[in-house]
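I have placed the structure first, in the form of structure tokens, so that the comments after it can refer back to it.
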Amino acid sequence: MKLNTFSRALLLFLLVSQAVKGDEEFVVEDIQVKGLQRISVGTVYNYLPVNVGERFSLDNVAPAIKALFKTGFFKDISLEREGSTLIVNVVERPSIAKIIFEGNKDLSKDDLTKALKKIGLAEGKVFDQQVLDKVEQELSRQYFSHGKYGLKIKTDVSNLTRNRVGIHIKISEGRVAKIKQINIVGNNVFDDKTLLRNLELNTSNLLSFYTKDDQYSKQKLSADLETLRSYYLDRGYVNFNIESTQVAITPDKKDIYVTINVKEGDVYTLDKVKLAGNLVVDPPELIKLVKVGPEEIFSRKNATETSKAISDRLGDDGYAFANVNMVPEINEAKKTVDMTFFVDPGKRVYVRRINMKGNSKTRDEVLRREMRQMESSWASSSKIERSKTRLERLGYFEEVTVETPPVAGAADQIDVNYSVVEKPSGNLSAGVGFSQVQGIVLNANIAQDNVFGSGKRVNLAFNNSSYLTSYQFGFLNPYFTVDGVSQGYNVGYTKRNAGQINIANYSTNVANAGINFGIPLNEFDSLRFDIDVKHTSLSATSYSSNQICDFIYGNNGTDICANNSNGNVAGGANTRKKVKATGDSFLTLAPSVGWTHDTLNRAIFPNKGQQQRFSALATVPGSDLEYYKLTYKHQLYFPLAKDFTFRLQGEAAYGNGYGKTTALPFFENFFGGGTGSIRGFKNNTVGPRDSNGYAFGGSSKIIGNAELFFPVPFLPETKSVRLGTFMDAGSISDGFKTNNLKYSVGVSGEWMSPFGALSVSAALPLNAKSTTTAADGTITGDQKEMFQFNFGQNF
């Protein structure tokens, strides 16, 4: 028979009465504690309600024993007296040396350990049988939330040396109970199919292995009931009510039946809509925010959005704690609702101080220059939130949070506290990547996006592959002026062998240097001005095409293409030419201007907002080559369900020559096909071909993309990895043409790994022409490539 703490204390009280006799009282000159193993003597002294020098009698026994039992450290306690010494005899409870789980599959050891820790059962803790008895209840709660109702748990306790125990928990999870049927009773206006497709819970289907929508949980049902209620209230059913819900499980605990009883009621329309209360903002301005009107069907959603819009508007004028309550007056006879939005702005508050916390490396001024909310000015909720977004977009922080606590003793003041978690802003890397186009890629990169905490950026990079050898140095000061004008420099050398990436046979050596300035126009728009000087050396090979020969001849005035065996010269028939091992070089000075509109919510894997970029580049008259290029790119992101994002993307580009240059230089052509373009077609192969049948690019480009991103099944990480399904379309041509658009569909995957960015896709071209290779090596048709990937490059 188990004794509770009180019973033990009473029994020990009777026993101690034999040791501390009758009403004999004595002064405690010493206290000795016997039986301790892990607990320190000081701990006992702290809890014992008697000290040396105090009087002790029978009346003090029960409180002393009760105080020590209350600690939970001991399973037996007794008190004795030897002369003037009080002796405390204790038997410690054993400590938990280890907890072993067996049979757990759905829940990890870490999940189970955390659950048991909440009830006080963990390695190193004092063992308590009463706590162990709660294990089944706690683990059942964890497994029930995962739909495991056939759970069986058995616990074994084994004694170990040094007053320790080991706990062995055997788990038989059983199978997941599936929702067999969901019944809605009482619905006449909307059928079951219409209502059920709005609920998260569902009967088993093809996607249930991923969505787990056929696994019942009380939390999911509560959310679904609110969804059902909102569905009716947003369609005018003011008196809609959920009468009851029943959840039944079969005896074998494998199937669940859910029944929801509803009362729909009648449809109500709005009669009068008005504003009341303290309208501190001009009423006409607030009326524009009202999303409901007379004779419209009542919608709780629209009414709630109206309340929020008015509250946000007041927040921009310093009324940070404004409340806007919607008060409906229902006329049962007319089936109408009079809606009043009662405005309580509260006190107008201003910001006393803006505090930064967590930026141990980054200077305060770097954060403060991103602030749109100023100190000693009226608080603005939109400016406070915008400041937070700007800090997130710096790229220096893993996390940014903001709090607006009121100032103690000042009803009209708040502080704005930004807390940041810094991440490494420097990068020193060297490694090997692989691209399906370029093959093995060697790279080394030294980058610091936040030099000495100043926010300035420095980059030194080297890349080498069969296609590309590149050395680049760049510097950017994002706040060259206090107004946010940026200034940057760049210098580099690049050698490209176009034949290695499915393009015509030629190579270029380019040395470049430039300076750029960025000018912010507002929160979301900016201009960029660049001036680049570039020296390009062009080399033809022994198998360069007629087009390359023609370009060199046309721009140099020298025929470097010798007759081939058939007597053809440059510009002749589409046959291979024997070209001398020579080339030409061109010096150009090219100013450019760009415009960017960016409302994306984050830099990596955004799910909301848009980005537009337009740039115009032209070499100045007198350059060895006179040409211009125009490009425009637009991205739109739409958040759908949780972790689901839809992206629309379009790109258009055009270039041409002017003055003494008759056309866009062929090595400045636009190309399409492959990752980042039209997937499913071999990289850079879409569009015009040269006389040898190799991709030659064109003076115009049109690319369109629609893609749905979603998380990887069974993988909780969503910030650095995702899957997608897409449709690509595009065209490369000389002059804009839409009659040769290429289409493809497929699936994709992206992972921002610690070693570099990985992009993979499996695509099916929808209208590819068959590829043929003539006896002379000339290629016609489209070159397809179903599986494509890049690793070690940004995407």
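Laboratory data are not the source of any read-out in this text; all were calculated from the coordinates shown. Given the structure is predicted, the values throughout are model-derived calculations rather than measurements. Note that each Cβ is placed from the backbone with ideal geometry, even for glycine, and that neighbours are counted across all protein chains shown.
Structure above, values below:
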| item | result |
| --- | --- |
| Gained length - V407 relative to K134, 0.36 nm times residue gap less alpha-carbon distance | 93.8 nm |
| Potential extension, V620-S382 segment - 0.36 nm per residue separation minus Cα distance | 81.3 nm |
| Quotient of Cα Rg and 2.2 N^0.38 Å for region 148-251, N being how many residues it contains | 1.62 |
| Estimated inter-spin distance, T211 and N767, nm [label 7 Å along Cα→Cβ] | 3.4 nm |
| Cβ-Cβ FRET estimate between L715 and Y658, R0 fixed at 45 Å, reported to 0.05 | 0.30 |
| Distance (nanometres) between label positions extended 7 Å along Cα→Cβ at E523 and A706 | 3.1 nm |
| Calculated FRET efficiency for the pair A513/A447, C-beta based, R₀ 25 Å, to 0.05 | 0.80 |
| Base-10 log of normalised Debye intensity for region 27-87 (one unit scatterer per alpha-carbon) at q = 0.17 Å⁻¹ | -0.53 |
| Alpha carbon convex hull of region 58-116, volume per residue in cubic angstrom | 106 Å³ |
| Nearest 10 degrees, 0 to 90: helix 135-144 Cα axis against the chain principal axis | 30 degrees |
| Packing-based exposure ordering (other Cβ within 10 Å, fewest first) of D224, D110 | D110, D224 |
| Approximate shape of the chain as ellipsoid semi-axes (Cα gyration tensor, √5λ), whole Å, largest first | 68, 38, 33 |
| Principal axis dimensions, largest first and in whole angstrom, of region 350-422 by Cα | 35, 21, 18 |
| Entries of K105/K134; K495/K784; K70/K118; K660/K737; K152/K254; K629/K769 with Cα pairs more than 23 Å apart | K495/K784; K660/K737; K629/K769 |
| Rounded Å value of the spacing that divides the Cα centres of region 116-132 and region 724-740 | 65 Å |
| Of every Cα-Cα pair in region 95-172, the percent that sits beyond 21 Å | 21 percent |
| Other-chain or far-sequence residues with amide H under 5 Å of K125's (modelled H) | I96 |
| Flagged links, alpha-carbon separation over 32 Å, of K347/K423; K117/K642; K682/K719; K220/K719; K291/K388 | K347/K423 |
| Projected label distance in nm at N89 and V491, using a 7 Å step from Cα toward the beta-carbon | 8.9 nm |
| Efficiency of FRET between R55 and N323 - r from beta-carbon atoms, R0 60 angstrom, step 0.05 | 0.45 |
| Approximate shape of region 318-369 as ellipsoid semi-axes (Cα gyration tensor, √5λ), whole Å, largest first | 47, 13, 7 |
